[in-house]
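The values are calculated or read from the model by the stated rules, or taken from the named source; none is laboratory data. Being a predicted model, the structure only gives us computed values, none of them experimental. Cβ sites come from the backbone with ideal geometry, for glycine too, and all protein chains shown count toward neighbours.
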């Protein structure tokens, strides 16, 4: 294997695939990045037990040469060394495989020799022929993930709840996450011939979002029984799926309410954020909401150790009963409110011990449900 | 105590004095900030076992009112809560002490009540009448600290070496740090009537630099036997001094050399930085320097596990013997070189097992000495 490459291109690609490389692996080869040079392109791959990231650099993209392959072949090299080293080397790099899987990298008057591994030993993802595929804008997919994944269960008692549940159903593509105390769901209307669902582990989605960065192009989803591939024209991202049956969450969202209020979203978020300061884990992050004569909303919180906070905010509108007092987890509330981009929100109450539904006032694809906590 | 204050002023001051507050103290009162309102000013104090930081806000500074004191008095409040809370409150704040050392903070429609402590219980720094004082530009003092303090000893076997040694000697003010393998010293020429020396703990200097931030005004040093005070028109910073006799370091710097070379500083730093990648702790961070026919300098490093790096750099000038090979700690070298702001540096060698002197070519107040390590 031998190729010449622009330092910046290689550095970016190595940094991207490194997101799948775990520094604390017991198998040395898994701490490496696979470089495979083919006619006209160089493919980099990073992998761990959960995800695989692949980036391809072409020798000619819109007249600009990213890489010049002089000799095909492949090798695996330590991700950590590659990452640090390439940043510190000036100018173009000549990369060559020598004897005993050694790799030499030359840049101006600098010669580096790295110990490598035989590429044949690098684990291979055996993704069978995809059973289904769908294309959608990267920004929509990122939104569907970002606005739900924080609600996954943080303990592994029910593995299916540690992932985000995606459902295709002819007219929509929907993402849902719940830890059984709260639920976040985002429904994107599309025309698709697909029907089916799958669960993606939350850590994989987190890495996927980092890799997406500011990428705004289209993403193709390809599904097999055990794996999903998200691919763009820049990278491919593979994750295993979580096996098992996701609970029926659609039936959880109530459609009859005792009281529905609307509020300014940003003021309410600021108020909850302040009150949450005093709502430690010792009292379930309790923040209390109380309707004051149907015209104002009182927000308060108390910490035995530190103090209390009380504030009064205006309500834009109220429908239904004017009496209400409810305690909610302040951390859950702030996370839910951060998922809403709208200026005005609607909060629907069914009683002080029933889940609260939070939505934006305008017709929105996003819904959030929070179960109240017992007030002390 | 009762005062009205602009949120931004209080937030900045609380953040400044918080630098002296340790979150992990067993004495609850030490996790607090003391607020003392006097006629025309509010003084905030944060303190731990090592340092004290004080900030004064005046009711009238150049026509602008920072604080309006309605009632004098004092109280101690949790630093963590104050910090987080003030950032989240809008507009001006009315701060009042109530019963049982409670503090209420009002901002628009928000009322916060915090549990406080009796200010009398807050530890007091008993700084006796200063024995000596000197005024110098903040930027010079910051430079004297920054360019030496990284060389202090990281283990406490010899406590005096864990601090930076400052010496006043009529015509100069000098700072020195050494861990006995390397030494950094900075000599600032001044006219002073002072003669004497003192040792300041490195962690205190580190906090002092953070507090200085971008402050460029004058700093007054005031000394007693056990304490130093650095004061500006914005804050006062107190630290205990390290007792004991600092070794005579001036005699360590050699003045006869076998070989003296000059080099481009930034290229050399980049080369050492690259080579240090392969110079792990297993081999004393060894980076090898070799003169090549008196014209070039070879920089190399080898890691048994990962690989090797070799590069060749130009020398600007050479005086003395043309043969030399020496191994130095790459981390020490990069730290020393980062202390030099000049474009060209001078490296003076006395032999492969003798300390190396690094200076800038132009007449500079900064000198760095590094003992070689044994090459394997």
Problem - Candidate set: segment A:258-279, residues that are more than 9 Å from every other protein chain (Cβ to nearest Cβ) and within 20 Å of residue B:104 (Cβ to Cβ); chosen: the one nearest to the chain's Cα centre (by Cα) - result: A:276
Completion exercise
Residues of segment B:188-200 being surrounded by 21 or more Cβ atoms within 10 Å (Cβ to Cβ) and touching a helix residue (DSSP H, G or I) at 6+ places or on another chain (Cβ under 7 Å), in sequence order, are B:199
Practice task
Taking residue A:23 as meeting all but one of (1) buried (at least 17 other Cβ atoms within 10 Å of the Cβ); (2) within 24 Å of the chain's Cα centre (by Cα); (3) within 23 Å of residue B:275 (Cβ to Cβ), write down the number of the exception.
Solution key: (1)
Handout entry: Qualifying positions in segment B:201-217 - surrounded by 15 or more Cβ atoms within 10 Å (Cβ to Cβ) and outside any helix (DSSP H, G or I)
Key = B:201, B:215
Completion exercise
Result of the Cβ filter at 7 Å on segment A:154-171, keeping first residues that are at positive phi and partners that are part of a loop (DSSP other than H, G, I, E, B), at least 6 apart or interchain, is A:170/A:192
Exercise for the section: Select from segment A:98-128 the residues that are away from chain B (no Cβ under 13 Å), touching a residue at least 60 places away in the same chain (Cβ under 8 Å) and over 25 Å from the mean Cα position of the chain (by Cα) and list them in ascending order. Expected result: A:119, A:121, A:122
Practice task
Hey, can you tell me all the residues within segment A:349-361 that are farther than 13 Å from residue A:328 by Cα and under 29 Å from the mean Cα position of the chain (by Cα)?
Solution key: A:359, A:360, A:361
Exercise for the section: Might you let me know whether segment B:292-301 holds any residue that is within 26 Å of the chain's Cα centre (by Cα), more than 30 Å from residue A:31 (Cα to Cα) and either in the same structural domain as residue B:356 (by TED's automatic domain parsing) or surrounded by 15 or more Cβ atoms within 10 Å (Cβ to Cβ) (or both)? Expected result: no
Problem - Those residues of segment A:185-200 which are over 20 Å from residue A:138 (Cβ atoms) and assigned to a strand (DSSP E or B), in sequence order - result: A:185, A:195, A:196, A:197, A:199
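Residues are listed down the side, and each one gets a yes or a no for (1) within 14 Å of chain A (Cβ to nearest Cβ); (2) closer than 18 Å to residue B:179 by Cα:
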residue: B:305; (1), (2): yes, no
residue: B:314; (1), (2): yes, no
residue: B:319; (1), (2): no, no
residue: B:358; (1), (2): no, yes
Exercise for the section: Answer with yes or no whether residue A:161 is crowded, with 16+ Cβ neighbours inside 10 Å and within 14 Å of chain B (Cβ to nearest Cβ). Expected result: no
Problem - Qualifying residue in segment A:317-327 (condition: under 34 Å from the mean Cα position of the chain (by Cα), touching a residue at least 12 places away in the same chain (Cβ under 8 Å), within 27 Å of residue B:114 (Cα to Cα) and not assigned by TED's automatic domain parsing to the domain that holds residue A:182) - result: yes
Practice task
Give the residues of segment A:264-286 that are part of a strand (DSSP E or B) and modelled with pLDDT of 95 or more, sorted by residue number.
Solution key: A:264
Fill in the blank from the handout: Going through (1) closer than 30 Å to residue A:270 by Cα; (2) more than 14 Å from every other protein chain (Cβ to nearest Cβ); (3) in contact with a strand residue (DSSP E or B) (Cβ under 8 Å, 6 or more places away or on another chain) one by one, residue B:78 fails only at (2)
Practice task
Please state which one of A:268, A:257, A:230, A:237 is in the same structural domain as residue A:335 (by TED's automatic domain parsing), touching a residue at least 60 places away in the same chain (Cβ under 8 Å) and in contact with a helix residue (DSSP H, G or I) (Cβ under 7 Å, 6 or more places away or on another chain).
Solution key: A:268
Exercise for the section: Could you identify the single residue in B:87, B:135 that is within 14 Å of chain A (Cβ to nearest Cβ) and within 27 Å of residue B:232 (Cα to Cα)? Expected result: B:87
Problem - Sole residue being assigned by TED's automatic domain parsing to the domain that holds residue B:10, on the phi < 0 side of the Ramachandran plot and in contact with a helix residue (DSSP H, G or I) (Cβ under 9 Å, 6 or more places away or on another chain), chosen from B:116, B:91, B:73 - result: B:116
Practice task
Quick one: which residue in B:79, B:119, B:132 is surrounded by 22 or more Cβ atoms within 10 Å (Cβ to Cβ), more than 22 Å from residue B:335 (Cα to Cα) and modelled with pLDDT under 95?
Solution key: B:79
Exercise for the section: From the list B:77, B:14, B:67, B:56, pick out the single residue that is under 25 Å from the mean Cα position of the chain (by Cα) and closer than 19 Å to residue B:106 by Cα. Expected result: B:14
